[in-house]
Amino acid sequence: MRSLADFEFNKASLGEGVIRISEIVRADFPTQAVYHELENLVSLAQEEISTAWSEERQLEKLLELFFDEWGFGACRGVYRLSDALWLDQVLQKRQGSAVSLGAILLWIAQQLSLPLAPVIFPTQLILRAETSEELWLINPFNGDTLDEHTLEVWLKGNISPIAELFNEDLDEADNAEVVHKMLDTLKAALMEEGQMEMALRASEALLAFNPEDPYEIRDRGLIYAQLECDHIALTDLNYFVEQCPEDPISEMIRAQINAISHKHITLH
């Protein structure tokens, strides 16, 4: 996983970072096809958007193209969360998560030299466009402009009834932060869906960012337990309990360790 640790996410576009981790987690990820479709969208946008226009007008036209003409938006009906994160699936179905839709929109905006940036808001990824005239906050699910009242309602409804909106909630995020958050969401989705081999690769990728993170090592141990790699699972789970003995979940992990150890004794 050294190649991922060496990848400079903050010097590449968010789309390139998302593609890089997708290649690592999913062996059949069609990298070239994804790049081709992204470049196709850029070409379509360039045909419709004049560089002579103001940044505000160019951004408005891009949002109109993306959500209205091209039909990108939130997933509908029954779907697997992982499918809403894979860029090839999102480009094909035109439905995705806030992060995957945001990554595609940011890719196009960057090629058009438009000032669009990601923001890790406490409830979801949003986009920030800061032009010479104004600051826009954009919902990547539908292109709607977000005001402070709407964001406060999101916080109170999803975080806490007494949650408040702070200026730092709207700060631009580094690409590495966004990729890390997306990878964590992808890992959780793959675990929930029982796709344990890919979940393991996602966990290993996360550990490339922080090799000694006890919570990530715990999750890797739980994945190894599902894969019946009991010796490695015990090593990871014991590490978590040693590092975080006061964590409320440690008692559950100790029970898991005992169950794995007992199974090992029973079998041998």
Handout entry: Equivalent ellipsoid semi-axes, region 93-153, via Cα gyration tensor eigenvalues times 5, rooted, Å
Key = 18, 17, 9
Exercise for the section: Would you work out the charge dipole size for region 70-188 about its Cα centre, treating the Cβ of every Lys and Arg as +1 and the Cβ of every Asp and Glu as -1, and quote it to the nearest 20 debye? Expected result: 840
Problem - Estimated 222 nm signal from helices in the chain, with DSSP H stretches of n ≥ 4 weighted -39500 (n - 2.57), rounded to 500 - result: -18000 deg cm²/dmol
Practice task
Report, ordered by chain and residue number, the lysines lying within cross-link reach of LYS11, taken as a straight Cα distance under 21 Å and ignoring same-chain residues fewer than 8 apart.
Solution key: LYS181
Fill in the blank from the handout: Which of ILE232, ILE104, ILE24 fluctuates most in a GNM of the chain (C-alpha springs under 10 Å)? That residue is ILE232
Problem - FRET efficiency, 1/(1 + (r/R0)^6) with R0 30 Å, evaluated for TYR79 and SER132 via beta carbons - result: 0.15
Problem - region 155-170-region 214-268 distance, computed between alpha-carbon centres (Å) - result: 35
Fill in the blank from the handout: ARG254 and HIS36 label points (each 7 Å along its Cα→Cβ direction) are spaced in nm at 5.7
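Using 1/(1 + (r/R0)^6) with R0 = 41 angstrom and r between the beta carbons of GLN243 and ASP144, what's the FRET efficiency to the nearest 0.05?
After rounding to 0.05, the efficiency reads 0.45.
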Exercise for the section: Under 17 Å Cα to Cα from LYS61, which lysines show up? Leave out anything in the same chain fewer than 8 places away. Expected result: none
Practice task
Would you mind working out the accessible area per residue for the chain, using a 1.4 Å probe, and quoting it in Å²?
Solution key: 51
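Chymotrypsin sites (Phe, Trp or Tyr not before Pro) within region 117-208: which are DSSP loop residues with at most 14 other Cβ atoms inside 10 Å?
Working: sites: TRP136, PHE141, TRP154, PHE166; in loops: PHE141, PHE166.
Of the chymotrypsin sites (Phe, Trp or Tyr not before Pro), the ones in loops of region 117-208 whose Cβ has at most 14 other Cβ atoms within 10 Å are PHE166.
Taking trypsin sites (Lys or Arg not before Pro) that fall in a DSSP loop and have at most 10 other Cβ atoms within 10 Å as cut points, what is the longest piece of the chain between them? List each step's numbers first, then the result.
Details: sites that count: LYS11, ARG76.
Of all site-free stretches, the longest is 77-268.
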Completion exercise
In region 201-245, the GluC sites (Glu not before Pro) that sit in a DSSP loop and have at most 11 other Cβ atoms within 10 Å of their own Cβ are GLU212, GLU228
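How big is the chain by the Kirkwood estimate over distinct Cα pairs, in Å?
Hydrodynamic radius (Kirkwood, Cα pairs) of the chain is 20.3 Å.
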Handout entry: Radius of gyration and maximum dimension Dmax of region 139-268, Cα, Å
Key = 19.0, 63
Fill in the blank from the handout: Relative contact order in percent for the chain (Cα pairs under 8 Å, 6+ apart) equals 17
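The values are calculated or read from the model by the stated rules, or taken from the named source; none is laboratory data. All figures in this text were calculated on a predicted structure; none of them were measured in a lab. Neighbour counts are summed over all protein chains in view; Cβ atoms, including those assigned to glycine, are modelled from backbone coordinates with ideal geometry. The area values use the complete protein model at the heavy-atom level, side chains included, leaving out ligands, DNA and RNA. Shrake-Rupley method; radii C 1.70, N 1.55, O 1.52, S 1.80 Å.
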